[in-house]
Amino acid sequence: MSDPRTRVQEHLSRHNWGFLSHQGYVLGLDLGGYGVRLALVDLEHHTCHTAHIDIEQRHPQHVLDASKALMHSFLHNQGVTPDRLIRIAVGFGGPINPLDGRIRLSPRMPDWEGFSLKEYYEQAFDTSTIVENNANLIALAEATFGIGQGCAHLFYLHLSSGVGGGMVLDGRLYQGSTAAAGEIGHAVVSHHLDQTPAMATLEQLVSVNALLRRAEMLGLTTNDLNDLFTDHAAGQQVIHEAVDVLGLRLAQVIALLDPQMVVLGGIVVRIGGEPFVQALSAQVGRYMRAPFTKPVPIAASVLGVESIAIGAVALALLSLQA
């Protein structure tokens, strides 16, 4: 896996951003529940620098204050004054109102709901700010800098504490009429799992906590997702069931969107590795019918933990072209 910063710099070198070089920098911000990550791009010299801090406290004001302090110190260390920023893009783990940057839903960080990240950072840095859902940013990052470079049509599936998705269609991020496109984790799915609600959402079936709960039902009590990817019978059954459920949903997504590639990411994919990706790809193939008989490549994300901040940079760059 090559350094995401190198991928960004190579992309900038291949594309003509000279018409913006005199204006300065764009900054991507990943505002996560466990930390803050930044990516700063110099449009003149085609460089990308990153920084991060870990944060245990999820209260909004604490995270916002920490992010602002990191941004100021990071800019200072890079010799950049805030007035040289021409765009800030922020990623957050939940549906966002794209007009005002307000958080519509935040299941894992509920205190954030209704807060406008756009307003906060525009006031703090006097810079035009855009806000987007994390999964959408990773989809854009992979299509722009990552494994999906060259793909105008790409779907991204995120499997972690939550389940989400994002899509790039015709080379642009597709948000839908309410900016909720790709939120596949909130869709109710049919299944045949015993002791599981019949009207469960995909997130209730294959998120990290759902997988661990299912393992406990089958006799494997653990808080470590790694234990599910061993030769333990219960762990193997949990992963087999997850692959079956996900395989059918992805086959339906492929039939609907006809993407050039599907990219998988999140901690489930990082731990499961290539065997998990291959198993899921094979299961998708079993559910496909004509005219979708040509296999769609399914691959793991290559941008790692910096994918959201890097995706925010991609969104900021696209916004400058609009």
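Below are the figures for this structure:
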{"item": "Residue order, fewest to most beta carbons within 10 Å, for T144, T222", "result": "T222, T144"}
{"item": "Cα-derived Rg to Rh of the range 177-225, Kirkwood definition", "result": "1.07"}
{"item": "Within the chain, helix-based [θ] at 222 nm, where runs of 4 or more DSSP H residues each add -39,500 (n - 2.57), nearest 500", "result": "-12500 deg cm²/dmol"}
{"item": "Charge dipole of the chain about the Cα centre (unit charges at C-beta), most positive-ward option of N223, S106, N136", "result": "N136"}
{"item": "When the range 83-188 is reduced to its Cα atoms, the Kirkwood hydrodynamic radius in Å", "result": "14.3 Å"}
{"item": "Mean-position separation - Cα centroids, the range 191-256 and the range 40-88, in angstrom", "result": "38 Å"}
{"item": "Calculated P(r) tail over 29 Å for the range 16-173, as whole % of Cα pairs", "result": "17 percent"}
{"item": "Highest-fluctuation residue, G285, G165, G311 considered, GNM on the chain with Cα pairs under 10 Å", "result": "G285"}
{"item": "Ratio of Rg to Rh over the chain (Cα coordinates, Kirkwood Rh, two decimals)", "result": "0.98"}
{"item": "Percent of beta bridges antiparallel (DSSP, the chain, rounded to nearest 5)", "result": "60 percent"}
{"item": "Förster radius 35 Å - calculated FRET efficiency between H186 and I271, Cβ distance, rounded to 0.05", "result": "0.90"}
{"item": "Inter-label distance, nm, simple model (7 Å from Cα along the C-beta direction), Q236/R289", "result": "3.2 nm"}
{"item": "Convex hull volume per residue in cubic angstrom - Cα atoms of the range 152-301", "result": "108 Å³"}
{"item": "0 to 90° range, to nearest 10: angle between helix 134-144 axis and the chain longest Cα axis", "result": "80 degrees"}
{"item": "Peptides 262-271, 202-211 ordered by average Cβ neighbours within 10 Å, highest first", "result": "262-271, 202-211"}
{"item": "Over the range 158-314, relative contact order from alpha-carbon pairs under 8 Å, at least 6 apart, %", "result": "19 percent"}
{"item": "Pair-distance profile P(r), taking every C-alpha pair of the range 64-123, with 5 angstrom steps and integer %", "result": "4, 16, 25, 22, 15, 11, 7, 1"}
{"item": "Simple label model, 7 Å out from Cα along Cβ direction - E113 to M217, nm", "result": "2.6 nm"}
{"item": "Spherically averaged projected area in nm², based on the convex hull that wraps the Cα atoms of the range 182-255", "result": "4.9 nm²"}
{"item": "From phi via Karplus (6.51, -1.76, 1.60), per-residue ³J(HN,Hα) for the range 99-113 in Hz, x at Gly/Pro", "result": "6, 10, x, 8, 6, 7, 8, 8, x, 8, 9, x, 5, 8, 4"}
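Only the coordinates and a few stated rules stand behind these numbers; no lab work does. This is a predicted model, so every value here is computed, not measured. Cβ atoms come from the backbone with ideal geometry, glycine included; neighbour counts cover every protein chain shown.
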